[in-house]
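**Q** To start, I am sharing the structure in question, which I have written as structure tokens.
Values in this text are rule-based calculations from the coordinates and carry no lab data. Just so we're clear, the structure is a prediction, and the values are computed from it rather than from any experiment. With ideal geometry, Cβ positions are generated from the backbone for all residues, glycine too; neighbour counts draw on all protein chains shown.
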Amino acid sequence: MRTARDMGTAGDLLVVGSGVLGLAIAHRARRQGLEVTVLEETTRPVGSSIQNFGHACFTGQADELQDLALASRAGWLRAAADTGLWTATTGTVVPATTAAELRVLEEFAAHRGPEQVRMLSVAETRAALAHEELDVVGGALLPLDMRVDPRTAVPRLAAWLSTQGVRFRWGERVLHTADGVVRTTRGTYRADRVVVCPGTGVGGLFPEIADRHGITQCTLAMALIERPERLPAHLAVLTGTSLARYDGFAAMPGTAALRAELAVREPELTACVANLMVTGIDGGLLVGDSHAYDDSYEPFLDAGLSDLLVHRAAALLGIDSPRVIQRWLGRYSDAPGTTFVLEQPDAATTVAVVTSGVGMTLGFGLAERVLEGAPALAA
Ligand SMILES: Cc1cc2nc3c(=O)[nH]c(=O)nc-3n(C[C@H](O)[C@H](O)[C@H](O)COP(=O)(O)OP(=O)(O)OC[C@H]3O[C@@H](n4cnc5c(N)ncnc54)[C@H](O)[C@@H]3O)c2cc1C
């Protein structure tokens, strides 16, 4: 058997998966002085972590996850300072288009306070979205939320980590891991500790964990449309469907009425379990999304569904003829009623999976929890 040390990697920690979760863990461990190896079955990051909005929606998470969310925010800022990856700390704008949406925002502002939620007047909401005639009744700014560019953040982190001595083994699939022994398609490694962050690959490696939590796959219709010059690349916009979805907002008493309103006002968005939202990147506006759940995911992107999301987002932002640049189906692991799964199948192994589509938000906070929950890893 080859060991990580035999291979010259001197591995205190072996991370499986080069998504945001695996790399946040690698980043934190490297800062602690640990020697780290990352094994990734693809030859570059192509998983959920590059398919998404790049929206770190700290504020919308449940009250009990706020400490984790703020730890994650600090982690993103540290990673940005280290690597130069692009972040924006300009917050999220939530335009309210109806009184029911405004009520949820007002309740949320009263609940969380002005540091987390600033109510905006109609004029301020229109100014935030650079459109003087937007059909809104008010809005809110969530100033603590952050943005990253999902297409460059994780690749940038990987590139920087490799300059800091983290060993990357690309194109190497892990077949089995237990008790610090990791068998791959190219060999066998031994490491003091193994953290497995396989995203949608969890069922292949740890079927009993996937079964126990009911982990399935969620596919999401996404598009990149041309960004009008008036809208900045740091744009982050949530909508009424987001207020009905994210646990933090959804805990407000007004959400029941909002959901009832949406079912009548937006039956098509309700039917596709939409979280209509928009973020900006240099190359355009990221627009989505719908949610479909299946163990064996549907590979086809429905054109009508994609058009629905594009046109609703464009209408919201006052974009007359949206030009679609790309369309894709994103995919992540999902489990009912669970935001993330952290398990230790043996003393040397941790399995970490985000199961609710908020890995860009919580990834760095989970990295802290994974590493600090494992005393053997203390530098
Ligand atoms: C369309 C879409 C929109 C989203 N929007 C947001 C958002 O706005 N905000 C937010 O917070 N979150 C969002 N998410 C969720 C977020 O992207 C995920 O929660 C997060 O990226 C999960 O990170 P990860 O590292 O666990 O998974 P991944 O990025 O998928 O990484 C897992 C890696 O493990 C590798 N792997 C798997 N099995 C093996 C194996 N056996 N051997 C070796 N390597 C293996 C895979 O190849 C992959 O590279 C969105 C997701 C999607 C799809």
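**Q** Divide, for the chain, the radius of gyration over alpha carbons by 2.2 N^0.38 Å, where N is the residue count. Don't skip to the end; give the middle numbers.
**A** Values: Rg = 20.8 Å, N = 379, 2.2 N^0.38 = 21.0 Å.
It is 0.99.
**Q** As a test, work out the antiparallel percent of DSSP beta bridges whose residues both lie in the chain, rounded to the nearest 5. Numbers along the way, then the final one.
**A** Values: 48 of 64 bridges.
Roughly 75 percent of the beta bridges in the chain run antiparallel, per DSSP.
**Q** Same structure again: Test of understanding: ordering 97, 185 by Cβ neighbours within 10 Å, fewest first, what list do you get?
**A** On the way: 97 18, 185 11.
Exposure proxy ranking, most exposed first: 185, 97.
**Q** Roughly speaking, what is the centre-to-centre gap between segment 134-196 and segment 317-379 when only Cα atoms are used, to the nearest Å?
**A** Each part reduced to its Cα centre gives a spacing of 9 Å.
**Q** Any idea what angle helix 99-112 forms with the longest principal axis of the chain, computed on alpha-carbon atoms, 0 to 90 degrees, nearest 10?
**A** Roughly 50 degrees between the two axes.
**Q** When the helices in the chain are scored as -39500 (n - 2.57) per DSSP H run of 4 or longer and the sum is shared across all residues, what 222 nm value do you end up with, to the nearest 500 deg cm²/dmol?
**A** On the way: 14 runs with 132 residues, N = 379.
Roughly -10000 deg cm²/dmol at 222 nm, from the helical runs in the chain.
**Q** Also: From the P(r) of segment 276-379, can you give the percent of Cα pairs sitting at distances over 24 Å?
**A** Cα-Cα pairs in segment 276-379 separated by more than 24 Å: 44 percent.
**Q** Mind pulling the angle between the C-alpha long axis of helix 20-31 and the longest principal axis of the chain? Nearest 10 degrees, somewhere in 0 to 90.
**A** For helix 20-31, the angle is close to 60 degrees.
**Q** Quick query: amide H of residue 195 versus all other amide H atoms, modeled in the peptide plane; which residues come in under 5 Å with a sequence gap of 5 or more or a different chain?
**A** 14, 15, 16, 350
**Q** Expressed as an acute angle from 0 to 90° and rounded to the nearest 10, what is the orientation of the C-alpha long axis of helix 255-265 relative to the principal long axis of the chain?
**A** Approximately 70 degrees, to the nearest ten.
**Q** Cβ under 12 Å from residue 93's Cβ, residue 93 left aside: what net charge do those residues give with Lys, Arg +1 and Asp, Glu -1? Walk me through the numbers before you get to the answer.
**A** Values: positive: 118, 126, 147; negative: 124, 145.
Here the charged neighbours net out to +1.
**Q** Now for a separate question. Please give me the summed charge of the neighbours of residue 158: other residues whose Cβ is under 9 Å from its Cβ, Lys and Arg +1, Asp and Glu -1.
**A** Working: positive: 44, 156; negative: 40.
Summing Lys/Arg as +1 and Asp/Glu as -1 gives +1.
**Q** Now, a different point. May I ask you to derive the relative contact order of the chain, considering only C-alpha pairs under 8 Å and at least 6 residues apart, and to give it as an integer percent?
**A** Values: 829 pairs, mean separation 97.0, N = 379.
In percent, rounded to a whole number, it is 26.
**Q** Fewest first, what order do 131, 27, 111 take by the number of other Cβ atoms within 10 Å? Don't skip to the answer; put the middle values down first.
**A** On the way: 131 19, 27 25, 111 15.
Starting with the residue having the fewest Cβ neighbours, the order is 111, 131, 27.
**Q** So what's Rg/Rh here for segment 1-138, counting alpha carbon atoms and using the Kirkwood radius for Rh?
**A** Values: Rg = 20.7 Å, Rh = 18.4 Å.
With Rg and the Kirkwood Rh in hand, the quotient comes to 1.12.
**Q** Moving to a separate point now. List the residues, sorted by chain then number, that are 5 or more residues from residue 277 or on another chain and whose placed amide H is less than 5 Å from its amide H.
**A** Hits under the 5 Å cutoff: 288, 289.
**Q** Please state, as a whole number in µm²/s, the translational diffusion coefficient that the Stokes-Einstein equation yields for segment 79-215 at 10 °C and 1.306 mPa s, with Rh defined as the Kirkwood radius across alpha carbon pairs.
**A** Taking Rh from Cα pairs, D becomes 82 µm²/s.
**Q** When only alpha-carbon atoms are used, what values of Rg and Dmax, in angstrom, describe segment 223-282?
**A** 13.6, 38
**Q** What ³J(HN,Hα) values, in whole Hz, does the Karplus curve 6.51 cos²θ - 1.76 cosθ + 1.60 give for segment 201-210 when θ = phi - 60°, with x put for Gly and Pro?
**A** Residue by residue, segment 201-210 yields x, 5, x, x, 9, 10, x, 5, 5, 4 Hz.
**Q** Here's something else I'd like to know. All other residues with a Cβ under 14 Å from the Cβ of residue 310 taken together, and with Lys, Arg as +1 and Asp, Glu as -1, what is their net charge?
**A** On the way: positive: 227, 312, 323, 327; negative: 226, 268, 289, 302, 307, 320.
Within the 14 Å Cβ shell, the charges total -2.
**Q** Another question about this same structure. Taking every pair of Cα atoms in segment 108-154, average 1/r, invert it to obtain the Kirkwood radius, and report Rg/Rh to two decimals.
**A** Numbers: Rg = 13.5 Å, Rh = 12.3 Å.
Rounded to two decimals, Rg/Rh equals 1.10.
**Q** Which order results if 76, 160 are arranged by neighbouring Cβ count within 10 Å, fewest first?
**A** Working: 76 25, 160 18.
So the ranking, lowest neighbour count to highest, is 160, 76.
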